[in-house]
1. Give the residue that is least open to solvent (accessible area, probe 1.4 Å), with candidates limited to residues of region 60-77 that are small (Gly, Ala, Ser) and away from the ligand (no atom under 11 Å from the Cβ).
2. Tell me which of these Thr118 doesn't satisfy, since it passes every other one: (1) more than 11 Å from the ligand (Cβ to nearest atom); (2) modelled with pLDDT of 90 or more; (3) among the β-branched types (Val, Ile, Thr).
3. State all residues of region 78-98 that are open to solvent by 70 Å² or more (accessible area, probe 1.4 Å) and modelled with pLDDT of 90 or more; if no residue qualifies, say none.
4. Counting only residues that are small (Gly, Ala, Ser) and part of a loop (DSSP other than H, G, I, E, B), which one in region 6-55 is nearest to Val90 (Cα to Cα)?
Amino acid sequence: MTKLRQYELEAYLDEALPPDEMARIEHALRRHPEYVDQLSTINTRRDAGIHTLGEIWRRHRLSCPTRGQLGSYLLGALPEELADHVAFHVEVVGCRWCQASLGDLRQKEAESPGTVETRRRKYFQSSAGYL
Ligand SMILES: [Zn+2]
């Protein structure tokens with residue numbers, strides 16, 4: 001079975017996961033008591049008022065990363081915890097807005113200035129007759 005990650009357990013406690021993910025984690029909790037220990041560790045830490053960055057984001061519904069953060073994520077330039085949060089947000093929660101944004105950023109990254117210029121010129125030539 002796949003190992004549960006800390007942010008998955010945190011999101012499970014927040015009930016911030018899609019139903020099939022909630023079910024998968026519930027199943028893992030039943031079979032692996034060490035995850036239950038991990039959950040109670042998270043709860044103890046929360047009771048003490050200490051929250052991870054990912055938790056704060058989820059709690060305050062600041063769940064969508066900024067475009068700058070998504071760009072840094074693509075470049076692998078985010079701190080691990082934040083990168084985990086972005087991966088979780090995009091891949092597990094499946095935020096469509098951020099997926100689209102990442103796709104757009106990837107495309108821009110793949111286009112060297114030369115490619116953009118060529119396309120612009122082609123567009124200009126093909127539409128020149130209509131101007
Ligand atoms: Zn989002």
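The values are calculated or read from the model by the stated rules, or taken from the named source; none is laboratory data. Every value quoted in this text rests on a predicted model; they were computed, and no experiment measured them. So basically every Cβ, Gly included, is an ideal-geometry build from the backbone, and we count neighbours across all protein chains shown. Accessible surface areas use protein heavy atoms only, side chains included; no ligands, DNA or RNA. Shrake-Rupley method; radii C 1.70, N 1.55, O 1.52, S 1.80 Å.
1. Within region 60-77, the first condition is being small (Gly, Ala, Ser), and the residues that meet it are 63, 68, 71-72, 76-77.
Keeping just the survivors that are away from the ligand (no atom under 11 Å from the Cβ) gives 68, 71-72, 76-77.
Working: Gly68: 51, Gly71: 19, Ser72: 37, Gly76: 64, Ala77: 69 Å².
Among them, the one singled out is Gly71.
2. (2)
3. Pro79, Glu80 - these are the residues of region 78-98 that are open to solvent by 70 Å² or more (accessible area, probe 1.4 Å) and modelled with pLDDT of 90 or more.
4. Step one: of region 6-55, the residues small (Gly, Ala, Ser) are 11, 16, 23, 28, 40, 48-49, 54.
Cutting the leftovers down to part of a loop (DSSP other than H, G, I, E, B) gives us 16, 48-49.
Numbers: Ala16: 13, Ala48: 30, Gly49: 27 Å.
Among them, the one singled out is Ala16.
Conditions (1) modelled with pLDDT of 90 or more; (2) under 21 Å from Gln99 (Cβ atoms); (3) out of contact with any strand residue (DSSP E or B) (no Cβ under 9 Å at 6 or more places or on another chain), marked per residue:
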| position | (1), (2), (3) |
| --- | --- |
| Glu10 | no, no, yes |
| Pro18 | no, yes, yes |
| Glu26 | yes, no, yes |
| Leu29 | yes, no, yes |
| Tyr35 | yes, no, yes |
| Arg45 | no, no, yes |
| Gly49 | no, no, yes |
| Gly54 | no, yes, yes |
| Arg58 | no, yes, yes |
